[in-house]
Amino acid sequence: MSTHTSIVYHIIWTPYKRKPIMTKEPRRELFNYMMGILQNKNCHVYRIDGVEDHLHIATSLHPSLSLAGLIKDIKLASSSMIKSTNLFRGFEGWQDGYAAFTHNYSSLDKLVNYIKNQEEHHKKVSFMDEYLQLLQDHGIAFDPKYLL
């Protein structure tokens, strides 16, 4: 019997202390590197993008993977790459934790466009306002002291 899944994840995390160190030009190199990690793990990547202080990933996971394990692998590998290449000045690592939301396939285009337009979006909305809205939209209870 085969395994069939249709789970699209919207994943978000930030540099340590949400420092705005992910400058525009080198971000593409980071996102391509992360895309390679995901593809090597047989995940389908729909979009990776972000701004100086956070990133967004839209992906489907291979059924054999756990979300937490995958994020750990991406964070460890990308942190090592950033530090060894000095891709972002002042990079101290990734913030502990992450946010992950599931979407159905029918909302994929809307999610991809949302992630693709992060720079425009954040001219109007702060990261914290965006994050709080996502938590509320997905019905996630939270303690403010543990926010990214």
Out of 50, 40, 146 - ranked by how far each Cα lies towards the positive end of the dipole of the chain, with unit charges on the beta-carbon of charged residues - the top one is 40
Compute for segment 1-114: radius of gyration divided by Kirkwood radius, i.e. Rg/Rh, restricted to C-alpha atoms, rounded to two decimals.
0.97
For the pair residue 35 and residue 62, what calculated FRET efficiency results from E = 1/(1 + (r/R0)^6), where r is the Cβ-Cβ distance and R0 = 22 Å, to the nearest 0.05?
0.90
Modelling each spin label as a point 7 Å along the Cα-to-Cβ direction, I'd like the residue 5/residue 77 distance in nm, to one decimal.
1.7
Give, in nm to one decimal, the length gained when the segment between residue 140 and residue 19 is fully stretched (0.36 nm per residue of separation minus the Cα-Cα distance).
41.1 nm
Roll a 1.4 angstrom probe over the protein heavy atoms and tell me the percent of accessible area of segment 5-111 that is carbon or sulfur.
47
Please compute the contact order of segment 19-116 in relative form: average sequence separation of alpha-carbon pairs under 8 Å and at least six residues apart, divided by the residue count, as a percent.
31
Under the √(5λ) rule applied to the eigenvalues of the Cα gyration tensor, what semi-axes describe the equivalent ellipsoid of segment 52-141? Give them in Å, descending.
23, 19, 13
How many lysine pairs does the chain hold where the Cα atoms are under 14 Å apart and the two sit 8 or more places apart or on different chains?
4
Trypsin sites (Lys or Arg not before Pro), restricted to segment 50-120: which are DSSP loop and have at most 14 other Cβ atoms within 10 Å?
89
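The values are calculated or read from the model by the stated rules, or taken from the named source; none is laboratory data. Because the structure is a prediction, the values reported are computed rather than measured. Ideal geometry is used to build each Cβ from the backbone, glycine not excepted, and the neighbour counts take in all protein chains shown. What goes into the accessible areas is simple: the full protein's heavy atoms, side chains included, and nothing from ligands, DNA or RNA. Shrake-Rupley method; radii C 1.70, N 1.55, O 1.52, S 1.80 Å.
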